[in-house]
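Here's the structure, in structure tokens; my notes come after.
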Amino acid sequence: MDPRVRIKDHWNEQRLFSQRTLGAFVVITVLVLTLIGRLVFLQVVRHDYYVELSQGNRVRLDPIPASRGLILDRNGGLLADNEPAYQLELIREQVPDLNDTIRRLVALRLIDPEEIEDIRRTIMSRRSFDSVPVRLRLTDEEIGRFAVHRFQFQGVDLATRQTRHYPYGRLAVHALGYVSAISGQDLENIDRAAYAGTTLIGKLGIESAYERALHGKNGFHEILVNAQGRSVQRQGAYAPELHSAPPIAGEDLVSSIDLATQQAGEDGLGDHRGAVVAIDPRNGDVLALVSKPGFDPAAFARGLSRSEYDSLANDMDKPLFNRALRGTYPSGSTIKPVIALAGLTNHVVDPAREEFCAGVFHLPHSALLFREGKSGRHGNVDLVQAIARSCDVYFFGLASTIGVDRIAAFMAPFGYGALTGIDISGEKPGVLPSPEWKMRTLKQAWYPGETVNLGIGQGYLLVTPLQLAHVAAELAERGKSFRPRLVTGIRRSDGSITPIPPVENPPIEGVSAADWNLVLRGMQGATGCNPVCGTAAGPFKGVAYAVAGKTGTAQVFTVSRSDKLTQQEPERLRDHAWFIAFAPVEAPRIAVAVLVENGGFGASAAAPIARKVMDAYLLRPDTPPPPDSAAAEGHAGD
């Protein structure tokens with residue numbers, strides 16, 4: 001037996017046990033106190049906060065859509081407003097057989113067969129108890145057709161909603177734009193909460209550019225819901241206080257459009273493809289913005305079927321294309337007043353010196369020949385007569401003398417090759433060619449013959465109708481101009497109007513008053529007979545106000561120098577017709593640019609439309625028509 005026997009130390013064991021017990025007691029006490037403190041904090045200190053959170057879990061905000069703001073013309077006439085409309089809505093959980101219900105709605109011609117999959121996808125993406133619109137804006141005939149069979153469609157009903165209404169249909173559609181269903185791309189760019197309960201959003205034109213102002217602010221009302229999100233009646237001992245807030249309607253916009261002037265431009269173009277832009281040169285107000293053909297904006301508000309949209313998108317006349325802002329064309333002879341100013345400002349031309357026009361121009365140090373547009377001969381012409389009679393030979397020589405670098409530098413401040421900055425989106429800048437531009441874009445050198453072509457607005461130069469209207473306004477104001485705009489003010493709920501101030505552009509400098517006078521004399525001569533009739537004398541025979549204008553014809557395809565230019569080509573290969581003008585000359589109030597695609601000559605196709613537009617704006621219905629003057633009809637030049 002081992003003599004070294006370890007005797008148990010009861011005292012140490014007792015001490016260790018007591019220490020461990022005390023430690024455990026302290027830990028438990030701390031944890032209990034922490035728990036009690038947390039409960040006091042949550043139940044007493046933060047009581048109000050968590051009561052509000054719990055209310056949010058069983059109270060849902062249902063949006064009340066705001067009324068969309070109106071769009072008015074400059075005189076207060078309605079261009080876009082709202083009207084009640086019926087739409088077909090479906091609640092999935094109340095429909096016994098979704099596929100059969102959709103099939104029977106198709107049979108009643110209330111749903112387009114092409115839209116079945118899109119409608120089913122939309123319905124299944126929503127909660128089963130949500131009311132989902134399956135057809136927007138039913139016609140009276142469709143409403144009656146559904147009403148007769150309503151008893152057969154459990155879970156499907158009519159709902160009243162506000163929709164966009166355009167009293168004048170297609171009138172000014174490319175200026176106003178339209179509204180249509182909110183797309184997936186739209187959802188990525190908008191505040192979804194602000195558009196809750198809203199199915200439509202502005203697309204293109206004023207409707208899109210001023211969407212934030214027109215949309216307004218939605219209201220709401222609180223409803224009690226259960227854990228599944230369904231609306232329920234108030235239950236239990238605690239009934240929450242439910243709140244609501246009324247919607248704030250969108251702002252009414254006062255546009256610059258003059259209804260009579262816009263209508264005159266639309267009627268003037270008729271069935272022709274083209275554009276008309278009229279601007280008040282004193283402030284940049286766009287009095288008319290016409291692009292034809294157009295389309296019915298109400299079709300987008302009610303919802304287009306796929307086949308309807310494809311028909312519009314694939315139409316060879318491109319009704320969805322805004323020619324006024326996005327159509328780019330050679331300017332033709334409308335450039336000649338600016339080329340004349342460039343020659344005068346650079347002191348390379350004697351305006352009184354007459355040049356002989358034999359119908360052809362020989363490019364110096366070259367065998368190239370450039371013919372007059374109509375194979376005509378003007379004889380001896382000075383600068384003023386060359387503008388009035390649109391003598392190509394004179395401007396071939398003038399452009400060659402000035403040189404492309406000086407021409408491009410002079411034209412840039414007029415806005416060629418740049419955006420005008422109009423307050424709606426989609427504008428294109430066109431092209432102002434130069435040697436640097438050609439090398440950068442085409443990797444080619446500039447040739448002297450291209451400068452000659454530039455002198456009459458052909459070649460690489462491209463402009464939009466809006467740009468040329470802007471140039472006409474600058475000529476009217478002798479270098480002063482404003483940024484074009486389609487919205488001039490906001491009408492408040494009390495009827496007062498808050499104007500939006502115009503934005504003035506930097507003026508064109510370096511042109512003397514005498515040079516302005518010479519060029520504007522030439523433009524005024526184009527619309528009259530003093531002493532020789534200008535190219536647009538016929539359309540402006542008997543006009544009651546002084547007009548300065550310039551015709552233009554822009555080639556669609558190249559004609560060889562050995563061929564004669566005719567207008568017997570297929571219609572879509574004919575030249576584009578241009579006309580720019582402003583009036584009254586002594587105190588201009590309107591500047592106009594008219595483009596008629598494949599219209600032929602500016603004098604015969606575009607100038608009469610400009611006359612109608614200016615008459616509509618400058619002459620009132622109670623003003624007697626002026627007596628016919630003894631002026632001759634003028635020759636059908638540019």
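No value in this document is a laboratory result; all are computed from the given coordinates. It should be emphasised that the depicted structure is a prediction, and the values quoted were computed from it without experimental measurement. When we count neighbours, we look across all protein chains shown, and the Cβ atoms used for this are built from the backbone with ideal geometry, even at glycine.
Provide the packing ranking of 463-475, 278-290, 186-198, i.e. peptides ordered by the mean count of other C-beta atoms within 10 Å per residue, highest first. Spell out each step's value before the answer.
Numbers: 463-475: 28.7, 278-290: 26.0, 186-198: 13.0.
The packing order, highest mean first, is 463-475, 278-290, 186-198.
Assuming 0.36 nm per residue, please report the length gained on full extension of the stretch ASN530 to LEU22 beyond their Cα-Cα distance.
170.9 nm
Annotation: average projected area of the range 204-363 is 20.1 square nanometres, based on the convex hull of Cα atoms across all directions. Computed from the Cβ-Cβ distance with R0 of 41 Å, the FRET efficiency linking ALA181 to ASP350 stands at 0.05.
Applying 1/(1 + (r/R0)^6) with R0 = 30 Å to the Cβ-Cβ distance of ALA245 and ARG306 gives a FRET efficiency near 0.15. Mean silhouette area of the range 62-250, derived from the convex hull of its C-alpha atoms and averaged over all directions, reads 13.3 nm².
Size check on the chain: the Cα extents along the three principal axes, sorted descending, read 143, 85, 49 Å. You can think of it this way: the chain between ILE500 and PHE321 has 61.6 nm of extra reach, that is 0.36 nm per residue less the Cα-Cα gap. A simple count of charges around ARG589, restricted to other residues whose Cβ falls under 12 Å of its Cβ and scoring Lys, Arg +1 and Asp, Glu -1, yields -4. Expressed as a fraction of 2.2 N^0.38 Å, the C-alpha radius of gyration for the range 379-527 is 1.26. Which distance in nm do the two modelled labels at ARG440 and ASP97 give, with both placed 7 Å along the Cα-to-Cβ direction? The answer from the label model is 6.7 nm. Helix screen, the chain: DSSP H segments with Cα axial length of 27 Å or more and mean Kyte-Doolittle hydropathy at least -1.0 are 10-40.
Listed by chain and number, the aspartates and glutamates whose C-alpha is less than 13 Å from the C-alpha of LYS480, apart from same-chain residues fewer than 8 away, are ASP280, GLU504, GLU509. In the range 346-436, the C-alpha radius of gyration followed by the widest Cα-Cα span (Dmax) gives 16.2, 48 angstrom. Modelled spin labels at ALA358 and ALA213, positioned 7 Å past Cα toward Cβ, are 6.1 nm from each other.
Given R0 = 30 Å, the distance between the Cβ atoms of LEU369 and ASP405 translates into a calculated FRET efficiency of 0.80. Remark on VAL463: its backbone amide H falls under 5 Å from those of TYR329, SER331, VAL431, a criterion applied only to residues 5 or more positions apart or on other chains, H modelled at 1.01 Å from N. If one puts a single equal scatterer on every Cα of the range 259-618 and applies the Debye formula without solvent, what log₁₀ I(q)/I(0) results at q = 0.11, 0.14, 0.15 Å⁻¹? The Debye formula, applied to the Cα set alone, gives -0.72, -1.16, -1.33.
Largest first, the extents of the alpha carbon coordinates of the range 239-283 on the three principal axes equal 67, 31, 16 Å.
Peptides 597-604, 540-547 ranked from most to least packed by the mean count of surrounding Cβ atoms within 10 Å: 597-604, 540-547.
Computed over the Cα atoms of the range 486-532, the ratio of the radius of gyration to the Kirkwood radius (Rg/Rh) comes to 1.34.
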